[in-house]
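Readers should treat all values here as calculations from the given coordinates under stated rules, not as data from a laboratory. For clarity, every value in this text was computed on a predicted model and none was experimentally measured. Positions of Cβ are backbone-derived with ideal geometry, glycine not excepted, and every protein chain shown enters the neighbour counts.
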Amino acid sequence: MSVSYMTHPLIKHKITLLRKTTTGTNEFRKLIEEISMLMGYEALSDLPTADIEVETPIEKTVQPVINGKKLAVVPILRAGLGMVSGILALVPSAKVGHIGLYRDPETHLPHEYYCKLPEAIDERQVVVVDPMLATGGSAVAAVDFIKARGGRKIKFMSIIAAPEGVGELMKAHPDIQLYVGCLDRCLNENAYICPGLGDAGDRIFGTQ
Ligand code: PRP
Ligand code: URA
C-alpha cells in the first residue's frame, strides 16, 4: 500500500483551524469540504483521461477529458458525509455509495448498519472518505465490504490519522492507496486521536 501525506501549506493551515475547540459547526463543515477538495486534487491526479474532439472558435482539436461516472465516492457514515461535497465539486458526475459503521464505545470495534454501493463497482475507481483514521477498524471493515462486493481499485482519504490506524489499514489491505492530511501522535485510552480534533461526526452534525 502506498501512503501519501499531504504537504501543501493550505491543507496544513485548514487542518489546524479544524482542530480548534472554538471552531463552530458551520466553519467546521466548510473546512472539511475545502480540505477534501484540496486532498481530492492530489488523490485524483492519476485519473485516466480519454481524448475527444472539440471545436474551438478557431478550429477542431482532440483534447483529454475524464469520465467522472467511472468514479465512486464512498463516505463512511456519518463523518465521511462531510467530505463528499468537496470531491463532487471536482468531479460532479461521480457516483456516491454509502457505508454505515459506528464504533462501539466500549470495545471500539466497528458495527455495520448500512451498505449501498453504485452498480458495477468492480469497474470503478473507488475513493473511500472518512476524516478520522484512529484504530483503523472502521477503515478496514469498509474496504472489506467494498472488496466483498467486487471493488478492486480503491483509494482511502482521511484528514487526520493515527499511526496505529495507518498500520492496521496497511496490514489488512496492502493493495490500496492511502491519502492522509496529517499524521498525528497516537491514540488515547478511549481510542481518540491525539491531538486530533475530537469526535468528527459530532462536530460536523452538531450532535453530542
Ligand atoms: C468515527 C470516524 C471513523 C471512526 C474511526 O466514526 O468517522 O469512522 O470513528 O475510528 P476507528 O479508526 O477506530 O474505527 P464513529 O464510529 O464515531 O461514527 P460517526 O461518524 O457516526 O460519529
Ligand atoms: N473518531 C473520531 O471522530 N475522532 C477520533 O479521534 C477517533 C475516532
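Brief remarks follow.
- Between L17, L81, L178, the GNM of the chain built on Cα springs shorter than 10 angstrom shows L17 fluctuating the most.
- Rounded if a/c under 1.5, otherwise prolate or oblate - the stretch 1-156, Cα gyration tensor axes: oblate
- Subtracting the Cα-Cα distance of D104 and A50 from their residue separation scaled by 0.36 nm leaves 15.0 nm.
- In the stretch 93-144, Cα pairs under 8 Å separated by at least six residues give a relative contact order of 34 percent.
- Highest-fluctuation residue, P174, P195, P105 considered, GNM on the chain with Cα pairs under 10 Å: P105
- Between T61 and R152, the modelled labels are 3.5 nm apart [label points 7 Å from Cα along Cα→Cβ].
- By the count of other C-beta atoms within 10 Å, a proxy for reagent exposure, M6, M39, M83 are ordered fewest to most as M6, M39, M83.
- In this structure the amide hydrogen of C115, modeled in the peptide plane, comes within under 5 Å of the amide hydrogens of G100, none closer than 5 places in sequence on its chain.
- Across the stretch 85-98, computed HN-Hα scalar couplings (Karplus, 6.51 cos²θ - 1.76 cosθ + 1.60, θ = phi - 60°) run 4, x, 6, 5, 5, 7, 10, x, 8, 4, 7, 10, x, 9 Hz from first to last residue, x flagging Gly and Pro.
- Karplus 3J(HN,Hα) series, Hz, for the stretch 48-63 with 6.51 cos²θ - 1.76 cosθ + 1.60 (x for Gly, Pro): x, 10, 10, 7, 10, 8, 10, 10, 8, x, 9, 6, 7, 8, 9, 9
- Projected label points at E119 and D202, each 7 Å from Cα along the beta carbon direction, are separated by 4.2 nanometres.
- Links that overshoot a 28 Å alpha carbon limit, given the list K30/K69; K12/K69; K69/K171: K12/K69; K69/K171
- Using C-alpha pairs under 8 Å with a sequence gap of at least 6, the mean separation divided by the residue count of the stretch 2-205 gives a relative contact order of 23 percent.
- Order of S138, S4 under a 10 Å beta carbon neighbour criterion, fewest first: S4, S138
- Relative to the Cα centre, the charge distribution of the stretch 2-205, modelled as +1 at Lys and Arg Cβ and -1 at Asp and Glu Cβ, gives a dipole magnitude of about 180 debye.
- Evaluating 6.51 cos²θ - 1.76 cosθ + 1.60 at θ = phi - 60° for every residue in the stretch 24-39, the Karplus couplings come out as x, 4, 4, 5, 4, 4, 5, 5, 4, 5, 5, 5, 5, 5, 5, 5 Hz, glycine and proline recorded as x.
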